[in-house]
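Structure first, then comments.
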Amino acid sequence: MTEREQVKLVRTACPAHCGIDCCGILAHVKGDRIVKLEPADFPDEKDRRICLRGLASLDITYHPDRIKYPMKRVGERGEGKFERISWEEAYEIIISKFKEISEKYGWKSIGWVLGGPGVGTTKFGAYLRLASLTQSTRVSAWGYGDAGLPCGSRVIFGHQFPYMFLFGEFWQRKYPELLMIWGTNPAESMPLQNMRKVLDAKEYGTQIIVVDPRFTVTASKADEYIGLKPGTDSALALGIMNVIFQDNLHDKEFILKHTNGAYLVRTDTG
């Protein structure tokens, strides 16, 4: 048997931490080790891609410093001294801490946050069940430390993640003429879910503007980069809004129909 024949192809999902979705990949398995990753077949051949994060997942999986077992701190916090313990001992420590906190502050003082790949899979169900059994407070199922984005987006746009629509069905029909990427870096945070759509739009002819204090990888792909000073986002946003309303550039019908900003139009029109 040749070396090539010893390699088995296994269709699976990318383990990279991209959020909600996982891209399909083909893992080249030799013995008990993955030796190569490549994108799996998609209905649209244009989406046969795999990002650097996905490719780097092999380095993470087989890195010699990867933590594979429960580790207990034996020194002072910050000393970096740990010892390996059994899973049974780790579970006992976690349970005892849960009980200690609940007895002192109540179960509602414990919050649960789930992030990373597999949010929409069985891991999500297990998380909800665990929160239910402990009668704890559910904080977030998306892994966001700040709930301002989903809560504000739900009020204004009717959905907690409007960008999912922007980068999804909408662009399958028509690319926008202008796309402003403000305070986010999808080239590194969501390279396949969002950035590939941005690059497709740029190829189509969409003008890309990036607003960010740092000159990020995403900013390097923009037609125009606005490197504002940290903490001045509100001033820039209000300035842009002032020009839009003064010059009557806003779509009043769209605002009234699709957003919670109707009062802006009513105020503007008297």
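The values are calculated or read from the model by the stated rules, or taken from the named source; none is laboratory data. Predicted, not measured: the structure shown is a model, and the values here were computed from it. Ideal geometry is used to build each Cβ from the backbone, glycine not excepted, and the neighbour counts take in all protein chains shown.
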Inset, instruction - Hey, could you check the range 179-198 for residues that are assigned to a loop (DSSP other than H, G, I, E, B) and under 19 Å from residue 52 (Cβ atoms) and say which is modelled with the highest pLDDT? - result: 185
Inset, instruction - For the range 54-70, state whether one or more residues are over 23 Å from residue 186 (Cα atoms), modelled with pLDDT of 90 or more and surrounded by 12 or more Cβ atoms within 10 Å (Cβ to Cβ). - result: yes
Inset, instruction - Being of a type in the set (D, E, K, R) and at pLDDT 95 or above is the filter; apply it to the range 222-242 and report the residue that is nearest to residue 203 (Cα to Cα). - result: 223
Inset, instruction - Please specify each residue of the range 199-219 satisfying the condition of being among the β-branched types (Val, Ile, Thr) and in a loop (DSSP other than H, G, I, E, B). - result: 206, 216
Inset, instruction - Can you tell me which residue among 180, 190, 195 is in contact with a Pro (Cβ under 6 Å, 6 or more places away or on another chain) and not polar (S, T, N, Q)? - result: 195
Legend entry - the range 34-51, residues that are modelled with pLDDT under 75 and not in a loop (DSSP other than H, G, I, E, B): 45, 46, 47
